[in-house]
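Here's the structure, in structure tokens; my notes come after.
The values are calculated or read from the model by the stated rules, or taken from the named source; none is laboratory data. Model, not experiment: these values are computed from the prediction. Because the Cβ atoms are built from the backbone with ideal geometry, glycine has one as well, and the counts that use them run over all protein chains shown. Areas reflect the complete protein model, heavy atoms only, side chains present, ligands, DNA and RNA absent. Shrake-Rupley method; radii C 1.70, N 1.55, O 1.52, S 1.80 Å.
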Amino acid sequence: MKDNYDLVVIGGGPGGYEAAIRAGQLGMSVACIEKRVYKGEPALGGTCLNVGCIPSKALLDSSHRFESAKHELGDHGISTGEVTIDVAKMLERKEGIVKQLTGGVAMLLKGNGVDWLQGWGTLLDGKGSEKKVKFTALEDESETTITAKYVILAAGSVPIDIPVAKLDGEHIVDSTGALDFAEVPKRLGVIGAGVIGLELGSVWRRLGSEVVVYEALPEFLAAADKEIAKEAGKLLKKQGLDIRLNTKVTNAEVKDGQVAVTSDKDGSLSEESFDKLIVCVGRRAYSEKLLAEDCGIKLTERGLVEVDEQCKTNLDGVYAIGDLVRGPMLAHKAMEEGMMAVERIHGEKPQVNYDTIINVIYTHPEIAWVGLTEEAAKDQGYEVKTGSFSLAANGRALAQGEGQGLIKVVADAKTDRLLGMHAISVGAGDVVHQGMIAMEFVSSIEDLQLMTFAHPTISEAVHEAALSADGRAIHAIQRKKRK
């Protein structure tokens, strides 16, 4: 460890480690400070690689394969006999994937000349030409002051706690605890019908849990397009998720090894018992030990670091990215912001397009969207036209046994410009990237109509949805006037 660097990055999650790697590629001297310990070992990769995106997707894949083997292979003429789940083996696989990826990040930092400092980073003074960062070593808590020309704050976020359901780490857990259940709960309660709640609820439902999801809001997936949200609610309930909207949990406590949950729906109280309860009501910026009181950084009313469109703080040379700042808490957003900050430090002028950041919920089928929903486009004054196409009429989807869901496009009726793409389908997260690329190049609905999509593919539904916007879909009967 040196006492002076060109750049110090505080946080080794996706945004932080990518920023550090890019800075190393550009010839800067770089330190990346990360204090996370996972399974007893210092670990890079942040929430995403250790206890978020990656391990949850590993469990989603395992649980989907189990459910498919148990309930779907017979349709293909495949007999398997009794299908069982070895939870310990499933968790072992998950841990192997996490270890492989986090170890890979450590190698990438080293290969690009980045010093990984294991411990806490605190911005002491960001006002001068040289920024001061206190490094507190993880091993012995010794303190060292490091100076740097530039600092990127990338400390990420943590789950929000709620007073009515205090975590005990065994029966009442957050999203991290829900990744390590030693056995399948017979009954599982989930507070929050957002991305995390639906994904984790889906994992354990597929493995045999009876799952109840409590959502305080009256509307399901309020951020999604209403047509997509309606379809998603229908399919997830059909799969066995008991999603209770407009239902607020007022108390949860452990009694005789069970979690007693009291909920309120329209003033009517009810109580029921669960083996486990997952609390996933959102996340908050993680700022513990990050900022000295007199460091000079401005915060918003919500406790986020205040930044401009280029992620610059009010202090020259200090940037903040990812979950610490405005916008959706998504790993890919943090990654692009980290790259943008470093390249701007280097004198280049990239800009993240916040209008084309994709959202994905990894249920089955997946739910994904980019750009404006139909409702948001109308609220912004657009004269809107839409087109949608059901996967029930898509040959590849039916051949795969995945004929559920739909693809939808939203466009400006006056200019024909694509404003958004929304999907609930197998591979929706990948499908919607076609909409993102089209929007980046300011494509029109006609552009999508004139492209040749391979047959048979799920992507053909994008083509048909675009055709549908003008009443021209081939594989659907439409009432719109054909042009």
- Item | Failed criterion for Ala438 (all others in (1) among the aliphatic types (A, V, I, L, M); (2) in contact with a Leu (Cβ under 6 Å, 6 or more places away or on another chain); (3) part of a strand (DSSP E or B) hold) | (3)
- If you take the residues of the stretch 140-175 that are of a type in the set (D, E, K, R) and at negative phi, which of them is most open to solvent (accessible area, probe 1.4 Å)? Lys166
- Taking Leu277, is it assigned to a strand (DSSP E or B), within 30 Å of Leu207 (Cα to Cα) and of a type outside the set (Asp, Glu)? yes
- Item | Top-ranked residue of the stretch 30-42 - restricted to ones that are touching a helix residue (DSSP H, G or I) at 6+ places or on another chain (Cβ under 6 Å) and buried (at least 24 other Cβ atoms within 10 Å of the Cβ), ranked as farthest from Gly103 (Cα to Cα) | Val30
- Message: Take the conditions closer than 26 Å to Lys333 by Cβ and open to solvent by 30 Å² or more (accessible area, probe 1.4 Å) and apply them to Thr84. Does it pass?
- Response: no
- Message: If I filter the stretch 286-328 down to residues being under 15 Å from Gly121 (Cβ atoms) and not in a loop (DSSP other than H, G, I, E, B), which single residue comes out as most open to solvent (accessible area, probe 1.4 Å)?
- Response: Leu291
- Message: With the requirement that a residue be closer than 23 Å to Lys378 by Cβ and either open to solvent by 40 Å² or more (accessible area, probe 1.4 Å) or at pLDDT below 95 (or both), what does the stretch 414-439 give you?
- Response: Lys414, Thr415, Arg417, Met436
- Query: Residues Glu337, Glu348, Glu343: which one is within 11 Å of Ile152 (Cα to Cα) and out of contact with any Asp or Glu (no Cβ under 8 Å at 6 or more places or on another chain)?
  - Reply: Glu337
- Inspect the stretch 382-395 for any residue being surrounded by fewer than 22 Cβ atoms within 10 Å (Cβ to Cβ), farther than 25 Å from Val442 by Cα and either among the aromatic types (Phe, Trp, Tyr) or at pLDDT below 95 (or both) and give the result as yes or no. no
- Message: For the stretch 230-265, which positions are aliphatic (A, V, I, L, M), surrounded by 16 or more Cβ atoms within 10 Å (Cβ to Cβ) and in contact (Cβ under 8 Å) with a residue 60 or more places away in the chain?
- Response: Ala232, Leu235, Leu236, Val249, Ala252, Val259, Val261
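The rows are residues; the columns are (1) more than 30 Å from Thr313 (Cβ to Cβ); (2) within 25 Å of the chain's Cα centre (by Cα); (3) of a type in the set (Asp, Glu).
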site: Lys89; (1), (2), (3): yes, no, no
site: Leu117; (1), (2), (3): no, no, no
site: Ala148; (1), (2), (3): no, no, no
site: Ala155; (1), (2), (3): no, yes, no
site: Ile172; (1), (2), (3): yes, yes, no
site: Ser175; (1), (2), (3): no, yes, no
site: Asp180; (1), (2), (3): yes, yes, yes
- Message: Kindly evaluate Leu448 against the criterion of being within 17 Å of Asn359 (Cβ to Cβ), surrounded by 16 or more Cβ atoms within 10 Å (Cβ to Cβ) and at pLDDT 95 or above.
- Response: no
- Item | One residue from Gly45, Gly104, Gly27, Gly96 being of a type outside the set (Val, Ile, Thr), at pLDDT 95 or above, in contact with a strand residue (DSSP E or B) (Cβ under 9 Å, 6 or more places away or on another chain) and surrounded by fewer than 17 Cβ atoms within 10 Å (Cβ to Cβ) | Gly27
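Is it fair to say Gln449 is among the polar types (S, T, N, Q), touching an Asp or Glu at 6+ places or on another chain (Cβ under 9 Å) and without any contact (Cβ under 8 Å) to a residue 40 or more places away in the chain?
Spelling it out, Gln449 is indeed among the polar types (S, T, N, Q), touching an Asp or Glu at 6+ places or on another chain (Cβ under 9 Å) and without any contact (Cβ under 8 Å) to a residue 40 or more places away in the chain.
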